[in-house]
Amino acid sequence: MLFYFIATPLPALDTGQGWELAKQENGISVYTRNLANSDYPEFRGEMNIDANIDELLAFIENANALTGAINALKCLI
């Protein structure tokens, strides 16, 4: 599922229905929108990565690096 999200171009995911920019910092944009039948908003993040696919997959497979990235994203939400 994570690979599908990364491999799917964002325009294919964006239907333009209610996404609002919540925060933008350090080259990361976080968008939110209300999700039907949920108390929590749906969110998506966008950023450009200066790396090839092999470097990106190595980063994702490295749990320590991924934990650091998740913690960095938490401060944006």
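Some values worked out for this structure:
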{"read-out": "Test: residue in the range 56-77 that is acidic (Asp, Glu), surrounded by 10 or more Cβ atoms within 10 Å (Cβ to Cβ) and at pLDDT 80 or above", "value": "no"}
{"read-out": "Subset of the range 8-44 that is under 13 Å from the mean Cα position of the chain (by Cα) and of a type in the set (Ser, Thr, Tyr) - its residue that is modelled with the lowest pLDDT", "value": "8"}
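The values are calculated or read from the model by the stated rules, or taken from the named source; none is laboratory data. Being a predicted model, the structure only gives us computed values, none of them experimental. All Cβ positions, even for glycine, are placed from backbone atoms using ideal geometry, and neighbour counts span all protein chains on display.
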